[in-house]
Structures are given as C-alpha cells and as structure tokens.
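Novice: Have a look at this one before I ask anything.
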Amino acid sequence: MKKIKFKNILPAIGRWFVRKMIKAKKMLLSFCCWVMRNKYVLLVACFLLALLFLVHVDINKRTDGKGVSVDIPQEVMHHLADSYDWHFTTFGETHVTLHLPIIVKSCVDGEWHVFTSHDVPDGFYFDENHHGKVYERAADGTPVKPWDFSITKLVAQLIIVVVLLLSIFLSCARWYKKRDETSPAPRGFVGTIEMLVMYIHDDVIRPCVGEHQYKKYANYLLTMFFFIFTTNLVGLIPGAANVTGNINVTLFLAFCTMLAINVFANKIYWKEILWPDVPWWLKFPIPLMPAIEIFGIISKPFALMIRLFANMMAGHAVMLSFTCVIFFGTTLGLGAGMGLNLFSVIMLLFMYALEVLVAFVQAYVFTLLSSVFIGLAHVEHHGE
C-alpha cells in the first residue's frame, strides 16, 4: 500500500482550488457577457441597483445614518389586519389614504351614525385593546360596542372583486350571445375564461360530485373557484388587502360548503353517520363511531377554512417580511446594505411569482375538496 505523505496533499489541494477558481471566473464572465447582450436584463439590473442606492441614501438621510428600528411582526400584522381606512402609500409627510364610511348603530341612544376615521364624533373612539374597533362611551364612562355595519378595507375589496367578476362574466356572456354553435372557438381573454370554466367543470366538479348530481352544484362550485382565485390575485396588487388571509372570510366560505354538504345530503349519507356499518359494540352502548362521524361533519369544513387562511396569510407575511428587511440594510453601510437589499428584492420577486401560482392552487384545492365532500354526501348503495 502506497503511503500518502502530508507534504503531497497541500499542492494537490492548491491545484484543485486554482482549477475551481478558474472555472468560477469563466462562469462569471459568461454570465456578465449574457447580461451585456440582453439589454432588457441590463436595464432592469441598473434600475434595481439605482433604486436600492436611492432608498439606502434616503433612509440614511432621514435617520442621520443611524438606521431605523423596524418591528417586523408588528408591521406584518398591521398590514394584514382589517381597518376603517385604506392606506395606499406615503410621499414624504403626505399619506395617500382613502377614509371609508363607518356605519354604526349606537347602543346608548339607539341612533344611526355615519362618519369616517378622519372625523370621529364625540362619544366614539377606536379601542386599541380590541384591534382598533370602534367603541362608544356610556353615560357612566364604560365602553360599549355599537352595532357595526362599517365598510372596512376588506369589505371594500370584496365589493371590488364582485364588481370585477360581474364585469368579466357579463362581457363573456355578451360575446357568446352574438355567436352561435358554428362560430369559431373564442380566443384571447374569453378563450382563457372558457378554458378555466371547462377545466374546473369537466375535470373537477363532474368526476368528484358524480354524474347524477354535479349539475346542481356546478354553479356554486364554479362561483367559489373564481371568487377565491380573483380575490387572491387582487390581493397581490401592492396596496390591496389580503381578503382570503382573513379568518372570517374563509370561515364563511367553509360554512357555505358545509351547508351544501349536509343540507342536501341523501339518506344513505346520514345513515352512515348516525348508524355506520361497523360492529355493534362500536355503536352501542357507547356510540364511538357515530361520535367520530359527527365530528367529521365539522372537521371537513374546518380543514378547508384553515388551509386557505394559513396559506394566503403565510405568503403575504413572508413577502412583507422581506420588504421590512430592506430597512435593516441602512445599519450595515453602503456596500453590505445594498447587498442585503438586493437579496431581499430578489427573494421578494421570487415569492411574488410563487404567490401567483399559490393563488390558483388554493382556489383549485378548495373547489376540489368541496366537490369531493359533496360527492361523498350523495353516495349510493354499493350494489347500484
């Protein structure tokens, strides 16, 4: 066996390191040449570097080079929470904010009051201990929660989504009304909408619900898919609200699916829940299996609610976190700060592209599981 000497190892490591450095240099030169040949990539890179430099210099100027202290969890939760006004951006000391109407019925005098967060009447205030909700003070000074029918940021965006969906499908309906069966297939935007409708209808709803029952639920499930998908996409616009990242919205969507499952279910479905086909000692005297099946009535829509809420909220939270990291670059100097900011921007763009995919996937999964649960509520006898 040949004996390896230690003095022969160091030159070998040095030659290996030199080869790797030469290879890395060639790859770097190739990448630089590719960037120089593609003028659009070069323009985007120059724009990002200039933007990062200006942001870095502007923040240092405002904070005397000491940087800023950013509480990332607080900032993220502030942007994800609902509010009575819609803040878009800030230019210097000017805040671009839409003050939404606050509509409440007082529990003190029984009167209706309409105002905005910019002009709050006497007796009303925003309680920070209750997530900034509007409260009023009784004659003895105790806080009282009025009946709140306000158009908050989430409600305003829901109205925008509904108007957008009505505009899209009414325009598609007008296109089909002007044509007959012999007309060529639609292209462009109308063709894309038709492709989505046919895909969800033929490949998701029809096989999952069943041939005999799918027509009754097709309208509801298609509406659910396009509502969630459009809401997710609109929520990705900078300044928009994250509607499906709110637990109240996903709770209502899951509740609608629970009603569709249990209200219109057949007798076989309820028989399998209340008296399943299992050994008698699992049903009497302790109804173990019926209790598990009844728990499943709640757990199925609960899983739908949590899945949609958690995925959409987590994606927006990650994007907002990368945005907040930019402010930490001001404490690291110009070179390291711009490097950290560049990394944050790249990850932010990657997460943004990923969220576009997640917007479709979550709408698809919600519709798919709703179709499966509805199909299970219309099971037939095994012999049929």
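The values are calculated or read from the model by the stated rules, or taken from the named source; none is laboratory data. Computed from a predicted model, the values in this text were never measured in an experiment. Positions of Cβ are backbone-derived with ideal geometry, glycine not excepted, and every protein chain shown enters the neighbour counts.
Novice: Any idea which of (1) within 26 Å of residue 254 (Cβ to Cβ); (2) surrounded by fewer than 20 Cβ atoms within 10 Å (Cβ to Cβ) is the one residue 342 doesn't satisfy?
Specialist: (1)
Novice: Within the range 99-117, is there a residue that is under 24 Å from residue 323 (Cα atoms) and either out of contact with any helix residue (DSSP H, G or I) (no Cβ under 6 Å at 6 or more places or on another chain) or surrounded by 14 or more Cβ atoms within 10 Å (Cβ to Cβ) (or both)?
Specialist: No, because not a single residue in the range 99-117 is under 24 Å from residue 323 (Cα atoms) and either out of contact with any helix residue (DSSP H, G or I) (no Cβ under 6 Å at 6 or more places or on another chain) or surrounded by 14 or more Cβ atoms within 10 Å (Cβ to Cβ) (or both).
Novice: Let me ask something additional. Among residues belonging to the range 151-178 that are of a type in the set (S, T, N, Q) and within 23 Å of the chain's Cα centre (by Cα), point out the one that is modelled with the lowest pLDDT.
Specialist: Top of the filtered list is 152.
Novice: Within the range 107-114, is there a residue that is modelled with pLDDT under 75 and outside any loop (DSSP other than H, G, I, E, B)?
Specialist: No.
Novice: Does at least one position in the range 85-96 carry a residue that is closer than 22 Å to residue 249 by Cα, modelled with pLDDT under 90, surrounded by 14 or more Cβ atoms within 10 Å (Cβ to Cβ) and in contact with a Lys or Arg (Cβ under 6 Å, 6 or more places away or on another chain)?
Specialist: Yes, the range 85-96 contains a residue that is closer than 22 Å to residue 249 by Cα, modelled with pLDDT under 90, surrounded by 14 or more Cβ atoms within 10 Å (Cβ to Cβ) and in contact with a Lys or Arg (Cβ under 6 Å, 6 or more places away or on another chain).
Novice: Inspect the range 162-182 for any residue being of a type in the set (A, V, I, L, M, F, W, C) and farther than 29 Å from residue 368 by Cα and give the result as yes or no.
Specialist: No.
Novice: So is residue 239 in contact with a strand residue (DSSP E or B) (Cβ under 9 Å, 6 or more places away or on another chain) and assigned by TED's automatic domain parsing to the domain that holds residue 354 or not?
Specialist: yes
Novice: Let me ask something additional. When you scan the range 196-213, how many residues do you find that are touching a residue at least 40 places away in the same chain (Cβ under 8 Å) and either farther than 16 Å from residue 362 by Cβ or polar (S, T, N, Q) (or both)?
Specialist: Adding up the residues that qualify gives 6.
Novice: For the range 263-280, name all the residues that are in a helix (DSSP H, G or I) and at pLDDT 80 or above.
Specialist: Passing the criteria: 267, 268, 269, 270, 271, 272, 273, 274.
Novice: While we're here: Within the range 128-146, how many residues are within 21 Å of residue 82 (Cβ to Cβ), modelled with pLDDT of 85 or more and not β-branched (Val, Ile, Thr)?
Specialist: Number satisfying all stated conditions: 6.
Novice: Quick test for you: out of 289, 305, pick the one residue that is touching a residue at least 12 places away in the same chain (Cβ under 8 Å) and either within 25 Å of residue 213 (Cα to Cα) or of a type in the set (D, E, K, R) (or both).
Specialist: When all the criteria are applied, what remains is 305.
Novice: While we're on this one: Can you find a residue that is of a type in the set (Gly, Ala, Ser), surrounded by 13 or more Cβ atoms within 10 Å (Cβ to Cβ) and farther than 26 Å from residue 370 by Cα anywhere in the range 303-319?
Specialist: Among the residues of the range 303-319, at least one is of a type in the set (Gly, Ala, Ser), surrounded by 13 or more Cβ atoms within 10 Å (Cβ to Cβ) and farther than 26 Å from residue 370 by Cα, which makes the answer yes.
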